[in-house]
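Asks: Below is the structure I would like to discuss, written out as structure tokens.
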Amino acid sequence: MGMELLEQKILSEGKVLSDTVVKVDSFLNHQVDPVLMQKIGEEFAARFSDKKITKVLTLESSGIAPATMTGLTLGVPAVFARKRKSLTLVDHLYTAEVHSFTKNTTNEISVSKDYISKDDTVLILDDFLANGQAVRGLMDIVKQADASLAGVGIIIEKGFQEGGKQLREQDIRIESLATIASLEGGKIDFKNEGAT
Ligand code: G4P
Ligand code: NA
Ligand code: NA
């Protein structure tokens with residue numbers, strides 16, 4: 001189910017750049033709306049309240065604000081995977097490859113072994129879910145750490161791309177706060193309960 005406040009914000013401030021891309025720089029990807037982020041954090045914490053989450057894991061940079069607010073509500077740390085190669089202590093890192101179809105680039109992401117361990121129950125968060133490559137890279141890191149995966153929280157899922165479907169088919173629990181069904185004709189349509 002969509003988060004009404006977030007959907008309203010996307011409708012009022014989102015800029016549809018094409019049939020597949022919506023720009024939300026005014027509150028998420030460049031400027032950050034702290035009050036909205038706090039509410040997003042509370043929403044994710046509530047949706048995963050049945051899990052004993054010990055770490056929130058995201059990817060720099062746009063995941064950091066929502067992950068921090070979720071960690072604040074849950075009372076646990078937020079960890080962000082880095083996209084740049086670390087010059088030191090490479091053997092002390094979990095690393096995974098993340099391919100972006102949009103940008104046609106492959107990034108190596110990394111997390112220090114100091115910050116996720118087998119005793120952790122991890123909530124993965126990200127700003128967008130498109131093809132799911134970033135989430136898969138973060139899941140790979142959780143697996144390398146031998147930690148438990150509580151699920152995946154997404155702020156904006158693009159329901160017309162394959163990531164969400166493929167991950168749900170693997171029995172991954174995904175909670176998306178807004179799911180866009182279509183951006184065709186410059187119009188943002190949300191997928192909502194009751195609608196098909
Ligand atoms: P892809 O496979 O379709 O390329 O999707 P991917 O998840 O790799 O997305 C690449 C980057 O583009 C990610 O940000 C992602 O959050 C962002 N993104 C994907 N779809 C949209 C969209 O419709 N609108 C906006 N605004 N962003 C989108 P990133 O490179 O990790 O950057 P950062 O913002 O986290 O620093
Ligand atoms: Na992004
Ligand atoms: Na992102």
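The values are calculated or read from the model by the stated rules, or taken from the named source; none is laboratory data. All values derive from a computational prediction rather than experimental measurement. FYI the Cβ positions are ideal-geometry reconstructions off the backbone, even for glycines, and counts take in every protein chain you see. Only protein heavy atoms, including side chains, enter the accessible area calculation; ligands, DNA and RNA are left aside. Shrake-Rupley method; radii C 1.70, N 1.55, O 1.52, S 1.80 Å.
Asks: Within region 155-196, which residues are touching a Gly at 6+ places or on another chain (Cβ under 6 Å), within 18 Å of PHE44 (Cα to Cα) and basic (Lys, Arg)?
Replies: Correct list: ARG173 only.
Asks: If you don't mind, there's one more thing I want to ask. Please find, within region 135-162, the residue that is surrounded by the most Cβ atoms within 10 Å (Cβ to Cβ) out of those that are out of contact with any helix residue (DSSP H, G or I) (no Cβ under 9 Å at 6 or more places or on another chain) and part of a helix (DSSP H, G or I).
Replies: LEU138
Asks: Which one of the conditions (1) open to solvent by 30 Å² or more (accessible area, probe 1.4 Å); (2) more than 16 Å from ligand 2 (Cβ to nearest atom); (3) not charged (D, E, K, R) does ASN107 fail to meet, given that it meets all the rest?
Replies: (2)
Asks: Filter region 1-18 down to the residues that are open to solvent by less than 90 Å² (accessible area, probe 1.4 Å) and touching a residue at least 40 places away in the same chain (Cβ under 8 Å) and list them by number.
Replies: GLY2, MET3, LEU6, GLU7, ILE10, LEU11, GLY14, VAL16, SER18
Asks: Further question on the same structure: Looking at region 21-44, I want the residues that are open to solvent by 50 Å² or more (accessible area, probe 1.4 Å) and have a partner that is within 13 Å of ligand 3 (Cβ to nearest atom) and hydrophobic (A, V, I, L, M, F, W, C) with Cβ atoms under 8 Å, at least 6 apart or on another chain. Which pairs are those?
Replies: VAL32/ALA65; PRO34/ALA65
Asks: Restricting attention to region 113-124, does a residue exist that is assigned to a loop (DSSP other than H, G, I, E, B), away from ligand 2 (no atom under 16 Å from the Cβ) and closer than 23 Å to ASP19 by Cβ?
Replies: Step one: of region 113-124, the residues assigned to a loop (DSSP other than H, G, I, E, B) are 113-120.
Adding the requirement that they be away from ligand 2 (no atom under 16 Å from the Cβ) leaves 113-120.
Keeping just the survivors that are closer than 23 Å to ASP19 by Cβ gives none.
Within region 113-124, not a single residue is assigned to a loop (DSSP other than H, G, I, E, B), away from ligand 2 (no atom under 16 Å from the Cβ) and closer than 23 Å to ASP19 by Cβ.
Asks: Next question. What number of residues in region 73-112 are aliphatic (A, V, I, L, M), part of a helix (DSSP H, G or I) and at pLDDT below 95? Steps first, answer last, please.
Replies: Start the filter on region 73-112 by keeping residues that are aliphatic (A, V, I, L, M), which leaves 74, 76, 78-79, 81, 87, 89-90, 93, 96, 98, 109, 111.
From the residues that got through so far, the ones that are part of a helix (DSSP H, G or I) too are 74, 90.
Then drop every residue that is not at pLDDT below 95, which leaves 90.
Residues meeting the conditions: 1.
Asks: If you don't mind, another one. Please verify whether region 55-72 includes one or more residues that are open to solvent by 60 Å² or more (accessible area, probe 1.4 Å) and either touching a Lys or Arg at 6+ places or on another chain (Cβ under 6 Å) or assigned to a helix (DSSP H, G or I) (or both). Full working, then the answer.
Replies: Restricting attention to region 55-72, the residues satisfying the condition of being open to solvent by 60 Å² or more (accessible area, probe 1.4 Å) are 61, 68, 72.
Checking which are either touching a Lys or Arg at 6+ places or on another chain (Cβ under 6 Å) or assigned to a helix (DSSP H, G or I) (or both) leaves us with 68, 72.
Yes: region 55-72 contains one or more residues that are open to solvent by 60 Å² or more (accessible area, probe 1.4 Å) and either touching a Lys or Arg at 6+ places or on another chain (Cβ under 6 Å) or assigned to a helix (DSSP H, G or I) (or both).
Asks: Can you find a residue that is within 29 Å of PHE27 (Cα to Cα), polar (S, T, N, Q) and at pLDDT 95 or above anywhere in region 122-131?
Replies: Residues of region 122-131 that are within 29 Å of PHE27 (Cα to Cα), as a first pass: 122-131.
From the residues that got through so far, the ones that are polar (S, T, N, Q) too are 131.
Pick out the ones that are also at pLDDT 95 or above and you get 131.
Scanning region 122-131 turns up at least one residue that is within 29 Å of PHE27 (Cα to Cα), polar (S, T, N, Q) and at pLDDT 95 or above.
Asks: Working only within region 73-103, note down all residues that are open to solvent by 50 Å² or more (accessible area, probe 1.4 Å) and under 19 Å from LEU129 (Cβ atoms). Please lay out each step first, then the result.
Replies: The initial filter retains those residues of region 73-103 that are open to solvent by 50 Å² or more (accessible area, probe 1.4 Å), namely 73-75, 77, 80, 82-85, 87-92, 97, 99, 101-103.
Residues satisfying the conditions are PHE80, LYS83, GLU97, HIS99, PHE101, THR102, LYS103.
Asks: Among the residues in region 145-167, are any within 10 Å of ligand 1 (Cβ to nearest atom), free of Cβ contacts under 8 Å to residues at least 60 places away in the same chain and of a type in the set (Gly, Ala, Ser)?
Replies: yes
Asks: Moving to a separate point now. Six or more apart or on different chains, Cβ atoms under 7 Å: show the pairs whose first residue is in region 53-66 and on the phi < 0 side of the Ramachandran plot and whose second is polar (S, T, N, Q).
Replies: Note: pairs meeting the criteria are ILE53/THR121; THR54/THR121; VAL56/THR70; SER62/ASN29; ILE64/THR58.
Asks: Please specify each residue of region 112-134 satisfying the condition of being under 16 Å from ALA78 (Cβ atoms) and within 15 Å of ligand 3 (Cβ to nearest atom).
Replies: Passing the criteria: ILE124, LEU125, ASP126, ASP127, ALA134.
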